[in-house]
Structures are given as structure tokens and as C-alpha cells.
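Novice: Attaching a single structure in C-alpha cells format; questions to follow.
Bear in mind these aren't lab numbers, they're just calculated from the coordinates by the rules spelled out. From a predicted model like this one, the values you see are computed outputs, not experimental measurements. In this analysis, Cβ positions are derived from the backbone assuming ideal geometry, glycine residues included, and neighbour counts consider all displayed protein chains.
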Amino acid sequence: MEKHVYNSRQIRDIEQKAFASGIASESLMQRAGSAVFTLMRQQFSQARKIVVLCGPGNNGGDGYVVARLAREAGLDVCVQFSAPPKTQDAKTMAALCEQTGVVMSPWDGSLKPAEIYVDALLGIGLNAPVTGMLAAMVSALNHLGRPVVAIDVPSGINADSGAVMGMAVRAALTVTFIGYKPGLLTGEGASHTGRLVLKHLRLTPHFYPPTGVAGYLSQEELRFPRRPRNAHKGNFGHVLVIGGDEGMGGAVMMAAEAALRAGAGRVSVATHPTHVSALLARCPEVMVRGLTHAEDLVLMMESADMMVVGPGLGRLAWGQRLWALVRESQKPMVVDADALFWLAQEPFKRDNRVLTPHPGEAGLLLESYAARIQDIRPEAAQSLVERYGGVVVLKGAGTLVCSSEGMSLCPAGNPGMATAGMGDILAGLMGGLCAQFGISLKTAGEAVLVHALAGDAAATGGQRGLLATDLLPHIRELMNR
């Protein structure tokens, strides 16, 4: 169950199966509220004064359970509600809460003072912008600066896409139920959840569908086959990195070294002649050729098993001439950076490639814009596959890996990785792995996960100031687990 990500419809289906089996809905609500209260006390053990903000639905019902348990534990707790409870379970839990002596009052325009707040306003069904009173409550929470515990989903986050619906609560802790939701792991939603904890509420696997809307990429499944004793470099693929127009040689340099650290048997670089000496000085293991004439690339492509095209390619005539030759090749390839720009000018579909756009590049490929892509990340990834084929890696917080086989989501990585060169490292790493194991959803997902985990390992001394090349030794470690 931890290996999958479920959308809101699937979560509701799981709940209905549980209810049909004889599990009472009130019992599930009690389990949810109890899980939130326990985790809240663990993380904020010193907090004695709590305000629970409840909406009218079942998310609010969970909040009433938290308030009652807090009162029974001797804490100073009160409830502020946006509207009286409407569902039967929420009404029941509100009545029990009131019976324990919890003071409950409607929102009056200001938050009661507290050390910690519980967000039980909106659940997974949100599909319209947060406005009016709810917007005022969310805004007040965010401006106060106190820790917020969100129940299931921070209010204002679309559980399926991660989009902020007008405005959203920024939580310190989010306790989500039954299964991971895409909106908690990707896009803007990932920056609103704080610490994310999943609780299955004691539901067993037979309530769950075989797969979710996406796989959950986890470190535990990262295992690469051992190499045979009689292996030679020809067994592990020849990667050709193409790019590095004048002044942008660092991009191909990083991509080439990442391909080697991923285990590629041989790596060549086709780049602008001005970068040859620097590349050889930095990484003598790489074979480098300066391209005076674009046609010099043809022989290099013929000997390659996998191409990585785009790092530092540029959007000028030199890069355009190289792309014109690359697009005619039938060799498998990773298409990154400026190669995505050229692909967007004349789109064509092919299955033996991996596209690695960030949201801005995805916007170009789909004739849209970055902010829109961020609001519909899972849908955008699927649209890219439909239009361009192959495997698509939509980069960003909660990177999505998508193909006709399905989708995977990477929860690892950190904001320190928002720096120049990280995409070049990923492109080279992707090329190195695909040269060894072939292009597939699985291999692309492994490359994304190794990249993210290497970023996390490199950031143990702090995220600020992280360099792309700091990932390289950690990539090697992860490849040898």
C-alpha cells in the first residue's frame, strides 16, 4: 500500500469497501482523529493550548475527535468552526466533543490564542477556490506563524494535483489517511504539507486496488544487479553527450561525469571546440570531440548506444544544426534542456527516448506556461507522453515519471537542489542507466530516485549553497548498494 499513490476517487472507493465490510464510518473517523492526536502530541509535546478549526464535513468530524481527546488528556482546547457540522458522523463527533466540555464557537473573524492549531476545515473533495470565510481563516492561520497540524490534506490544496486553490494552509505536520495523495507529494502541495505521515487506519490490503494513479518511488526498492566477474566496458553501454555551445561547456561536463558515475561503460562528448581542453582536464575518462562542422557528429552517433542531447546545446545556429542531425537518428536518447526547445519547434513522437522537462520547458512543449503546468502536473505529464511518446520526467518538487506503462512519483529531494546544473546531472545519470538497462518507466524512475537521494545525502550539511557536482560521489554510493 505504501508503494502506491491514490487519487481522491480511489480513496473514497477504499472507504466504501471498508464500510461495506462492516467497519462503521464513525469508527474510521475515531481512528483518524486518534492518529492525528497521537502524532500531534509526539511532535509538539510541550504544547498545552490548542485550537481546532473545523469545517462542516467529515474532515471537521476528525477535528472534533482531536478536540475531545485533547480535552480528555487535560489540555486547554477549544473549537472554532466555519459552519455547523452537516454530515451525520461529524454531528455525532461534535456532540461527543461538546459533552466533554470543549468550548465550541463559530468563527468571529479572529483566531483564539493557542500554541498549536489543527486544520480540519477542508478535506480531499476540494475542487473550487477557497473564498470568503474559509479564505479568511486560512489567511489568519498562515499569518499567525504558529505550528499547524493538517488533517488529511492542508486546506486549500487539491489532493489530486497539488494545486493551491486560491490559498492554502501551510502545515508543519500533515497526517494523511488510507493512502498517499498526489497533491501532497508534487507541485505546490509538497511545500504546504510540512512533515507528512501516512496512517492506514488499520485497513488491510484487500480493501485497496492493485495499483494507484502512480507508484511511490522508495529507497527500499533501489537495487541494481551485480556485475558478472567477466564483465567488460562494452557490456554497460556507450553514452554520447551532445551539447555545450560556446560558454556552456560545464553542462556537458557534468552530464558526462554523471553518466560515468551511473556506471556507463564508456562516455563520449560532442561539444564546441573551445571546451575540449577543459573537459579532458576535468575528466580524462571521457572521450571528447570538438565539433567544427555539425556533420562531424554523424560518426559519433553511429557508435553510441545511448545519446544525451541538450545540456548547454543553446538556442543559436550551432545548437540548431546539431539538433537537426539528432532528430533524424533512431538511436535511443535522453532529450533535455535546449533540445526540448528545439523539439517544441517541430514536435514529433517517438517511443525510444526520455524527455526531462522542468515546468517551463513542459509549457513550451504543450504550448502552455509554467504556472499552468504546476497546477496540473499529473495531467501535464500524461499529455506530454500522449504528444511526444516515450518516457517523460516532469521535474520539480515531487518529480513525476510517466509513460504509457503508468506513472511514478518521487517524494525525495530538497529545495537545495534548485540550482544550476542539477538537470545536467540528472540527464547524464539518466543516460548512463538507460545505456545499461534500457529505456523504461522503471529505469527512468530509478534515475530520478538516485538523483533525489543523492541530493538529500549531499544536503546533510545544509541545503543552501549545494552544488550540482556535490551529488556525484553520492550517486556512486547509491549505485553500489
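Novice: State the percent of C-alpha pairs, over all pairs in the range 220-479, separated by a distance greater than 34 angstrom. If you can, show how the numbers build up before the last one.
Specialist: Working: 3182 of 33670 pairs.
Taking all Cα-Cα pairs of the range 220-479, the fraction more than 34 Å apart is 9 percent.
Novice: A 21 angstrom limit on the alpha carbon distance is what I want to check against. Which of K3/K349; K3/K181; K17/K181 exceed it? Each step should come with its number before you reach the end.
Specialist: Numbers: K3/K349 30 Å; K3/K181 12 Å; K17/K181 18 Å.
Where the Cα-Cα span goes over 21 Å, the pairs concerned are K3/K349.
Novice: Just to confirm my numbers, what's the Cα centroid distance between the range 126-172 and the range 42-70 in Å?
Specialist: Here the answer is 16 Å between Cα centres.
Novice: What net charge is computed for the residues neighbouring P347, neighbours being all others with C-beta under 11 Å from the C-beta of P347, Lys and Arg scored +1, Asp and Glu -1? Mind showing how you got there, number by number?
Specialist: Working: positive: R327, K349, R350, R387; negative: E346, E367.
After counting each charged neighbour, the total is +2.
Novice: What does the charge count near R170 come to, summing +1 for each Lys or Arg and -1 for each Asp or Glu among other residues with Cβ under 13 Å from its Cβ?
Specialist: Working: positive: R146, R195; negative: D119, E188.
Once positives and negatives cancel, what remains is 0.
Novice: What's the extension gain from E220 to H293 if we count 0.36 nm per residue and subtract their Cα-Cα distance? Spell out each step's value before the answer.
Specialist: On the way: separation 73, 0.36 × 73 = 26.28 nm, distance 4.69 nm.
In short, 21.6 nm is gained.
Novice: Quick one: Debye curve from the alpha-carbon atoms of the chain only, equal weights, vacuum; give me log10 I(q)/I(0) at q = 0.06, 0.08, 0.11, 0.12 Å⁻¹ to two decimals.
Specialist: Scattering profile of the chain, log10 relative to I(0): -0.32, -0.54, -0.88, -0.98.
Novice: Follow-up. Per DSSP H run of n ≥ 4, the term is -39500 (n - 2.57); total these for the chain, divide by its residue number, and report the mean residue ellipticity at 222 nm rounded to 500 deg cm²/dmol.
Specialist: Values: 17 runs with 188 residues, N = 481.
Computed mean residue ellipticity for the chain: -12000 deg cm²/dmol.
Novice: Given a cut-off of under 8 Å on Cα pairs at least six residues apart, what relative contact order in percent is computed for the chain? Intermediate values should be presented prior to the final figure.
Specialist: On the way: 1095 pairs, mean separation 60.6, N = 481.
Reported relative contact order: 13 percent.
Novice: Cβ under 14 Å from P225's Cβ, P225 left aside: what net charge do those residues give with Lys, Arg +1 and Asp, Glu -1? Could the numbers behind the result be given before it?
Specialist: Values: positive: R223, R226, R227, R229, K442, R481; negative: E221, E446.
Taking every Cβ under 14 Å from that of P225, the sum is +4.
Novice: Relative contact order, percent, of the range 365-410 when contacts are C-alpha pairs under 8 Å separated by at least 6 residues? Numbers along the way, then the final one.
Specialist: Numbers: 51 pairs, mean separation 12.2, N = 46.
Reported relative contact order: 27 percent.
Novice: Once the cut-off is 13 Å, how many percent of the Cα-Cα pairs in the range 309-369 end up in the long-distance tail? Can you show the working numbers first?
Specialist: Working: 1060 of 1830 pairs.
Above the 13 Å cut-off, the range 309-369 has 58 percent of its Cα pairs.
Novice: Hey, got the Cα dimensions of the range 16-113 along the principal axes, in Å, largest first?
Specialist: Principal extents (Cα only, largest first): 42, 30, 20 Å.
Novice: Quick check on the range 4-213: take the gyration tensor over C-alpha atoms, sort the square-rooted eigenvalues as a ≥ b ≥ c, and tell me if it's rounded (a/c under 1.5), prolate or oblate. List each step's numbers first, then the result.
Specialist: Details: a/c = 1.57, a/b = 1.21, b/c = 1.30.
Cα axes put the range 4-213 in the oblate bin.
Novice: Can you list residues from other chains, or at least 5 along the same chain, whose modelled amide H is less than 5 Å from the amide H of F81?
Specialist: Amide H neighbours of F81: C54, S105, W107.
Novice: Additional query: Restricting to the chain, compute how many DSSP beta bridges are antiparallel as a %, nearest 5. Walk me through the numbers before you get to the answer.
Specialist: On the way: 10 of 60 bridges.
DSSP beta bridges in the chain are roughly 15 percent antiparallel.
Novice: If you restrict to DSSP beta bridges whose two residues both lie in the range 220-479, what percentage is antiparallel, to the nearest 5?
Specialist: Details: 7 of 28 bridges.
Taking every DSSP beta bridge within the range 220-479, about 25 percent pair in antiparallel fashion.
Novice: Could you tell me the relative contact order of the range 4-213? Use alpha-carbon pairs under 8 Å, at least six residues apart, and round to a whole percent. List each step's numbers first, then the result.
Specialist: Numbers: 460 pairs, mean separation 46.4, N = 210.
Reported relative contact order: 22 percent.
Novice: For L280 and R227 in one chain, what is 0.36 nm times their gap in residues minus the Cα-Cα distance, to one decimal in nm?
Specialist: On the way: separation 53, 0.36 × 53 = 19.08 nm, distance 2.78 nm.
Gain on extension, L280 to R227, equals 16.3 nm.
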